[in-house]
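Report on one structure; see the data block that follows.
Bear in mind that the values in this text are calculations on the coordinates, not laboratory data. Predicted model only: the values in this text are computed from it and were never measured. Reconstructed Cβ throughout: ideal geometry from the backbone, glycine too, with neighbour counts over all protein chains shown.
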Amino acid sequence: MKHDPVPTPLADEDLERLIELLCDKSSDTTFLGEVLGLCAEALGVSSLALYEETGNRMERLGSVGNLTWDATADLDETFEGGKVALGSGELRSPELLAERVLGAELRLLAEVALRLCRYQRRLKQRDFDANFHGVELEALYDVGLAIASTLDLDALGEEILLRAVSLLDARRGALYFLVGDEYRLRAKIGGSARDDFPLAEDPEAENTETLPLARHLLAVPVEVEDQRRGLLVVGDKESRTGVGPFSGADRRRLAHFANQAALALEQARLHQESLEKERLEREMELASTIQRGILPKVLPHLPHFDLAGWTRPARHVGGDFYDVIPLASGRLAIVVADVSGKGVPAALLVSTIHSLLRALLDRTSDLGDVCRHLDRHLLEFSAANKYATLFLLELDPDTGAVRYINAGHNPAILVRNEGRVEELSSTGFPVGLIGGGDYTPKNFTLDSGDLLCVYSDGVTEAESPEAEEYSTPRLAKDLVELRLDPVVEIRSEIERRVGLHAEDQPQGDDQTVVLLRRR
């Protein structure tokens, strides 16, 4: 049978005190005991308890007096989410005992007290979470400062792993760098780790066998601007009972740490690349200085001939060179060579050919023997794809007689005094290409006013923005036009015209020009 609530015999001043207690925002957990004590005093009972319904059971939130569950079986009141249990004692109003109900005010106060307890627990939990998150962020910040203090990639990898396993109480760990489509081990701690494995879309699928014999693994990607750079793996979280799995909070913590680690790794990588670039630039500058030393510093003065030359590599160093070598016989050797390839490998071969050529010309005046020795040497001591084209001539300054060998080089252009053009085409294979070539010299004579131009293919193959080559016919036409000018001016004008033709196009190949004219 349902009864209407009977008014509680609660004094007005007690009710006001209860309301003040419940509404006082500065109250702590002691307020519940005071509320229950006043309720028990108002009802005239020796004990009273407030319970919260949790699942299928009741959990006591607070009580006054010595209360047992059995003693309150007939004097309890259940409401939504909770229960108030009364102990034995004299009730001020006997009808309350008969009705076995709480007064409306006490029932309301009990419900409000229950809700306040719940809110207070939530606030405490949030406060704890906030404090813990703050401590966690502070720890991550300290870790970030620690790992960002080194720019050495090897030391940084070890520091990252040490911090990661410490942060998550893990026993083991490994750091992998992504190289192409494969992860490669960079550092490990606490035991063995897999050396490499292929990239997968899901990091969980990547760490299956990363740390052998580990029972629990956690892996997070190391990313910079959404670009995968590596993988950070930890294993076996330690606890008082042994090792166990990692929680969702551990994953978030490791992901935050991986973000900091990624920034530190990227900074170290860029620093290393900068150092490597500086080192290469120093080496290239040294190689360029060495190669410039190969070129003639001053061209010899000849009574009846004018000489001029220039070379411009496509990079710091190149595969073209020219040289003017006085011979013991009083004659003069001139060579223009173009080594296959570009950059440092070509420059190294240039040094070899230059040194060997000078040594051979000191021993013999037979141009054929010189080229055959060069051919055999390159075939024996250089890579299969390394060879050189060269134009080698010997000039008699007294008579103008010239002997020459064109070993696979561009045809030299001979402009006669009256403007007629002759091409001195190839007479044999490039040295070091197939071996056994026929290097028989040919002869001609430079008469008064004749102009000879020996050049490399970087000049005639220089392209315009429309992919049009400068070409041999255009070079010959320019030489005919300029043949009466001083050779130094001709050299500068050819260089200028080739540059204008190419406009702002990057230089595709090394460029070399040597001019010889009989006065």
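Structure notes:
- Length-normalised contact order for segment 150-271 - Cα pairs under 8 Å, 6+ apart - percent: 26 percent
- A Stokes-Einstein calculation at 25 °C with viscosity 0.890 mPa s, built on the Kirkwood radius of segment 296-518 over Cα pairs, returns a diffusion coefficient of 139 µm²/s.
- Site pair residue 356 and residue 251 shows an inter-label distance of 6.5 nm when each label is modelled 7 Å from Cα along Cα→Cβ.
- Among 393-402, 376-385, the order from most to least packed when residues are scored by Cβ within 10 Å on average: 393-402, 376-385
- Each peptide among 209-215, 180-186 gets the average number of other Cβ atoms lying within 10 Å of its residues, and from highest to lowest they stand as 209-215, 180-186.
- Paramagnetic reach from residue 497 (point 7 Å along Cα→Cβ, amide N under 17 Å) across segment 312-349: none
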